[in-house]
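The values are calculated or read from the model by the stated rules, or taken from the named source; none is laboratory data. Since this is a predicted model, take the numbers as computed values, not measurements. Note that we place each Cβ from the backbone using ideal geometry, even for glycine, and neighbour counts take in every protein chain shown.
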Amino acid sequence: MKQKKKCVAMLLAGGQGSRLSSLTKDKAKPAVAYGGKYRIIDFPLSNCTNSGIDTVGVLTQYLPLVLHSYIGIGSAWDLDRLHGGVTVLPPYSETSGLRWYRGTANAIYQNLNYLKQYNPEYVIILSGDHIYKMNYTEMLDYHMEKKADVSISVIEVPWEEASRFGIMNTNEDLEIIEFEEKPKSPKSNLASMGIYIFKWPVLKEFLEMDDKNPESTNDFGKDIIPLLLEEKKKVIAYPFKGYWKDVGTVVSLWEANMDLLKEETELDLYDRDWRIYSANPNRPPQYIAPSAEIEESLINEGCMVEGIIQHSVLFQGVTVAEGSVIRDSVIMPDARVGKNALIERAIIAPGIVVEDHAVIRPSKEDAVTLFAGEES
Amino acid sequence: MSSPMLGIINAATEFDTFETLTAHRSLASLPFAGRYRVIDFMLSNMVNSGITNVAIFTGQEIRSLMDHLGSGKQWDLDRKRDGLFVFSPEGHSEIERFGSFAHLASNMTYFLRSKQKYVVIANCYTIGTIDFCQILERHLKTEADITEVVHNGKSLQTYILSKELLLSLFEQYKNQGYYSILDVVHDKRHQYQINRYEWTGYITAIDSLSSYYLNSLDILQPSIWKQVFTKEEPVFTKVKDEPPTRYKKGSKVTNSMIANGCMIEGEVENCIIFRAVKIGKGSIVRNSIIMQKCRIEENCVLDGVILDKDVHIGDGIELKGTAEAPYVVKKGTVQRGVHHS
């Protein structure tokens with residue numbers, strides 16, 4: 001007997017990630033490479049699979065081709081299922097003409113039919129922009145236990161950084177009483193992670209309500225949450241403890257990669273009970289030449305290393321010729337580094353060729369440079 | 001355009017010189033080169049030659065091989081039209097040698113249903129890149145009955161012939177005493193035109209423990225692995241979701257091939273390391289083949305060793321073998337550590 005879905009996920013993967021510069025010149029932010037092997041979207045997708053959520057709508061928008069071909073029918077994440085599985089939802093023309101998504105809430109609103117076909121009990125809304133491991137079922141259990149209409153996952157951030165985030169002000173019961181986007185004087189340090197669990201009827205009702213308002217920017221944080229609070233709905237905060245990184249800038253993407261090289265990493269990629277799935281590149285094993293010296297690094301399959309790699313991340317298919325030194329850097333898939341080059345505190349974009357004797361390092365100390373070919 | 005050839009792999013061959021490596025698995029499913037099984041090379045050659053109809057004839061040990069092949073999806077052979085077929089022996093007593101005509105003939109339906117006109121027959125333990133399209137082209141041009149592929153004059157036990165001829169050979173096998181194509185080719189009385197195609201390029205066969213060990217270490221030479229692993233003709237295999245390999249503080253790796261998912265804190269020299277292997281601090285591993293999910297704890301010294309899957313070597317253990325006689329540790333063995341005071 002076909003069972004009604006308890007929880008369907010809607011994964012917002014339309015972001016442009018403009019602050020990632022040339023890394024998002026040909027692909028949306030969730031398709032950007034991370035961690036020597038993965039793309040950012042592998043994390044929310046794997047979290048769904050490992051949490052037992054087998055029905056995921058992925059909402060794309062900006063430059064979706066790379067993301068669409070990457071996701072395919074979802075087999076890599078065990079989401080090629082008979083009932084449910086992954087469905088890519090690009091923006092499509094409605095009867096009133098082609099409409100680009102106006103805001104995050106509008107993206108979901110335009111795909112209400114997808115949700116209606118499953119008529120689930122709950123909907124979890126995720127973003128494809130963050131690196132983290134989370135069991136969504138635990139959040140759902142919490143949501144059900146508290147009998148909430150909406151649960152929002154929050155994480156404590158350092159007070160001095162709070163003004164960079166969407167901050168949730170709560171009462172002692174962790175009920176949300178106010179939402180402030182990037183407040184200059186934050187009243188709380190609980191940042192929204194952009195993960196929402198809604199009772200399906202509540203989501204439907206409020207998306208429809210918000211859509212009727214011509215003044216609205218149709219954004220979850222700016223419009224839907226205040227509307228819910230106005231209508232006295234029970235909106236609670238789900239406190240999350242664990243590694244969570246927004247990789248929206250070149251520096252933060254670099255930092256997130258460097259985090260994997262710490263002696264004790266906060267994000268464990270080797271946990272067999274919570275595997276991070278991805279479309280495996282299927283290359284030969286990495287070859288470490290007699291001339292190679294490797295220290296404290298992460299290296300993926302298909303690499304050929306003849307040089308010196310210190311505290312760096314090498315993605316699949318990277319070649320590093322003899323005499324080259326790579327330090328504190330992230331070398332993305334299929335990049336080729338010639339002989340006697342020096343690369344420090346850099347991200348080398350996918351497929352880029354670094355010529356012999358090149359020197360790539362940031363001009364300012366403590367900065368990070370992105371190298372995407374001679375013209376950048 | 002689909003290939004006019006169907007592929008047959010004889011995965012029934014066994015040699016008894018592999019010690020415990022083939023105690024509970026067929027030669028075809030013997031792990032090789034860090035992330036593959038021996039059969040992946042010939043199977044990939046067929047797929048890369050455009051062949052979409054492949055039949056594998058197995059021997060008695062099939063569990064490991066079936067687990068590896070699955071539906072053939074990883075080799076792009078999970079198809080509605082043709083695809084991968086696996087035939088295991090059905091306990092017929094008159095089949096004296098598996099892979100023989102008798103074995104093939106007992107699955108006649110497969111041959112009758114297949115639409116391809118030509119057949120390429122290969123063994124499962126040849127390593128190297130072979131393009132069957134080139135060989136078929138020559139076979140057709142020369143109008144040979146059978147084309148035998150050789151390397152440095154030595155037969156690779158790989159043949160191309162028409163399906164029609166193969167079926168007629170089945171008919172004749174009982175009458176003329178031919179048990180396999182090898183018999184046909186070696187019989188001087190036959191009336192068939194047999195051509196030899198010399199395949200240049202790196203080829204080797206894994207037919208003994210010694211050749212397994214030596215060929216594994218040969219793969220470490222760029223001049224060789226660049227011929228075995230090419231971008232244009234990738235070797236397909238069952239893929240696992242392993243994270244990149246971590247080289248931690250204290251690790252020193254040189255002249256080795258390392259698969260994914262490993263955590264290395266020790267020294268590795270001239271080795272093939274399979275996926276998800278842990279090598280602890282202070283350990284030295286040289287001239288060895290360490291298969292998937294082995295754990296080598298701290299301060300060990302391993303030289304000339306082959307560890308089968310899931311072996312756990314405790315602290316301070318020293319194991320030594322030689323190129324002529326590598327020290328083989330059986331799958332799943334746990335060796336308790338020694339502690340030097």
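Quick look at the numbers
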{"item": "Yes/no for A:Tyr287 being within 11 Å of another protein chain (Cβ to nearest Cβ), part of a strand (DSSP E or B) and crowded, with 19+ Cβ neighbours inside 10 Å", "result": "yes"}
{"item": "Residue tally, condition under 18 Å from B:Gln335 (Cα atoms) and polar (S, T, N, Q), over segment B:245-300", "result": "4"}
{"item": "Some residue of segment A:237-244 being surrounded by 16 or more Cβ atoms within 10 Å (Cβ to Cβ), more than 18 Å from the chain's Cα centre (by Cα) and touching a residue at least 12 places away in the same chain (Cβ under 8 Å)", "result": "yes"}
{"item": "Matching strands (runs of 3 or more DSSP E) fully within segment B:109-165 where at least 1 residues are farther than 23 Å from B:Ser2 by Cβ and among the small types (Gly, Ala, Ser)", "result": "B:126-128, B:154-162"}
{"item": "Residue selected from segment A:310-332 under the condition touching a Gly at 6+ places or on another chain (Cβ under 6 Å) and surrounded by 20 or more Cβ atoms within 10 Å (Cβ to Cβ), by the criterion farthest from A:Leu253 (Cα to Cα)", "result": "A:Ser324"}
{"item": "Matching option when the condition is under 29 Å from B:Ala28 (Cβ atoms), touching a Gly at 6+ places or on another chain (Cβ under 9 Å) and of a type in the set (Phe, Trp, Tyr), among B:Phe236, B:Phe274", "result": "B:Phe274"}
{"item": "Count - residues of segment A:186-202 that are outside any strand (DSSP E or B) and either crowded, with 21+ Cβ neighbours inside 10 Å or in contact (Cβ under 8 Å) with a residue 12 or more places away in the chain (or both)", "result": "6"}
{"item": "Unique match (being over 23 Å from B:Ala205 (Cα atoms), crowded, with 17+ Cβ neighbours inside 10 Å and at pLDDT 95 or above) among B:Leu6, B:Leu30, B:Leu84, B:Leu43", "result": "B:Leu84"}
{"item": "Filter pass, A:Ala292 being at the interface with chain B (Cβ under 10 Å from one of its Cβ atoms) and over 26 Å from the mean Cα position of the chain (by Cα)", "result": "yes"}
{"item": "Residue ID - farthest from B:Leu104 (Cα to Cα), chosen from residues in segment B:47-64 that are in contact with a Lys or Arg (Cβ under 9 Å, 6 or more places away or on another chain) and modelled with pLDDT of 95 or more", "result": "B:Thr52"}
{"item": "Filter pass, A:Gly307 being at pLDDT 95 or above, within 11 Å of chain B (Cβ to nearest Cβ) and crowded, with 18+ Cβ neighbours inside 10 Å", "result": "no"}
{"item": "Positions within segment B:208-233 being within 10 Å of chain A (Cβ to nearest Cβ) and among the hydroxyl-bearing types (Ser, Thr, Tyr), in sequence order", "result": "B:Thr230"}
{"item": "In segment A:6-36, residue surrounded by the fewest Cβ atoms within 10 Å (Cβ to Cβ) [restricted to those that are modelled with pLDDT of 90 or more and not aliphatic (A, V, I, L, M)]", "result": "A:Lys6"}
{"item": "Count of segment A:232-284 residues which are aliphatic (A, V, I, L, M), in a helix (DSSP H, G or I) and closer than 24 Å to B:Glu265 by Cα", "result": "2"}
{"item": "Index of the failed condition, B:Gln193 passing every other in (1) within 8 Å of chain A (Cβ to nearest Cβ); (2) closer than 29 Å to B:Ile135 by Cβ; (3) in contact (Cβ under 8 Å) with a residue 40 or more places away in the chain", "result": "(1)"}
{"item": "Condition met for A:Ser153 (within 16 Å of the chain's Cα centre (by Cα), at pLDDT 95 or above and among the small types (Gly, Ala, Ser))", "result": "yes"}
